[in-house]
1. Choose one answer from Gly256, Gly125, Gly106: the residue with the largest mean-square fluctuation in a GNM of the chain with alpha-carbon springs under 10 Å.
2. Quick check on packing: order 279-291, 235-247, 50-62 by the mean number of other C-beta atoms within 10 Å, highest mean leading.
3. Specify the residue with the greatest mean-square fluctuation among Glu123, Glu301, Glu111, computed from a Gaussian network of the chain linking alpha-carbon atoms under 10 Å apart.
4. Give me, ordered by chain and number, the residues 5 or more places off Val252 or on other chains with an amide H under 5 Å from its own placed amide H.
5. Mind putting a number on the dipole of the stretch 4-196 about its Cα centre? Charges go on the C-beta only, +1 for Lys and Arg and -1 for Asp and Glu, and I need it in Debye to the nearest 20.
6. For the chain, give the magnitude of the charge dipole about the Cα centre (Cβ charges: +1 Lys/Arg, -1 Asp/Glu; no others), in debye to the nearest 20.
7. Does a label point 7 Å from the Cα of Glu231, set along Cα-to-beta-carbon, have any residues of the stretch 295-323 with amide nitrogen under 18 Å, and which are they?
8. Take the Cβ-Cβ distance between Glu169 and Asp260 as r, set R0 to 51 Å, and report the resulting FRET efficiency rounded to the nearest 0.05.
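Each reported figure results from applying straightforward, stated rules to the coordinates on display, with no laboratory input. What you are looking at is a predicted structure, and each value in this text was computed from that prediction instead of being measured. Cβ sites come from the backbone with ideal geometry, for glycine too, and all protein chains shown count toward neighbours.
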Amino acid sequence: DWTPASFIEEKIAEVRARVGNEHVILGLSGGVDSSVAAVLLHRALGGQLTCIFVDNGLLRKGEAAQVITTFRDHFHIRLKAIDASQLFLTRLRDVVDPEQKRKIIGATFIEVFEQATEELTRELGRRPRFLAQGTLYPDVIESVSFRGPSATIKTHHNVGGLPEKLQFEIIEPFRELFKDEVRAIGRLLQVPEVILHRHPFPGPGLAVRVIGPVTRERLDLLREADAIFIEELQRHGLYDQVWQAFAVLLPVQTVGVMGDERTYEYVCALRAVTSVDGMTADWARLPHDFLAHVSNRIVNEVRGINRAVYDISSKPPATIEWE
Ligand code: XMP
């Protein structure tokens, strides 16, 4: 009988036998799959595992710090955390086309990951032989994966999207599993609930949620608004009832009033959807009072945003993300 406990025992034995005394690297994104894979492989391999975390400067508020604290300080996993935000932002300067953003982010990620691997090779005195990934069954069977069909509309770059020229042997412990099974395994391995229940987050991160040019200032505005929305969803027990929820910063400024002063600031859109697999989605009927509260907090607390709107479009014909 399949149980999370028996799976963990079997995988640990299998991975140990396969890896021997070689070294394994794993690209950690902070999402459910790579996080649970990291903890499982660490159980099996200890110091023979190094996780590589690339901070592309496009993550949500506090996310990079949380990944580092959780995996390095709490789980004591060897973690190479690379702050590449300056490089990503420089390359994204003046880029407004969504697919162009994805291309640049995907290529830059691979470059930074390769550099980190070379650095690690020098530190270890030999090249890591294995690359571990948190690939799930739906990712393997592309046709039932939400990434598959929509990839023709948006090319999806993820941490898994490393080029073959990197030449590693691949370890994919979750190849036959679904998300819920990985969550159950993660729970048993004491991966924090916030990680296990986190909404899906696109590889290109906030770059596809800052519509128009991506700058540090605009990313910071979006981060603040998004953090308020997520915090309130959690506080009201609504977070787990939606497939995804996030804020989007529009490249539009509108007139507002603050005290006696006229303001001319950005608009932020709030997006929350229900969905089974991301292929189709409906806008979430969040309570009006809740939306009013979130809007109030955002326009009062985030200097630079003076208007919030709620996205009431379904997929299709809209998509979940705005870009
Ligand atoms: P759309 O916007 O196409 O999104 O309705 C469907 C799901 O895919 C996520 N998404 C991405 N994930 N890289 C990713 O890894 C991407 O470029 C990307 N674009 C969209 C989106 O968040 C939703 O869960």
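1. Ranking Gly256, Gly125, Gly106 by mean-square fluctuation puts Gly125 first.
2. On the way: 279-291: 14.9, 235-247: 16.5, 50-62: 21.6.
Final packing ranking: 50-62, 235-247, 279-291.
3. The residue that fluctuates most here is Glu123.
4. HN-HN under 5 Å from Val252: Val267.
5. On the way: 25 positive and 26 negative charges, 47 e Å.
Rounded to the nearest 20 debye, it is 220 debye.
6. On the way: 38 positive and 44 negative charges, 86 e Å.
It comes to approximately 420 debye.
7. Under 18 Å, as judged by backbone N against the label point of Glu231, lie 295-308 of the stretch 295-323.
8. Numbers: r = 67 Å, r/R0 = 1.31.
The pair Glu169/Asp260 has a calculated efficiency of 0.15.
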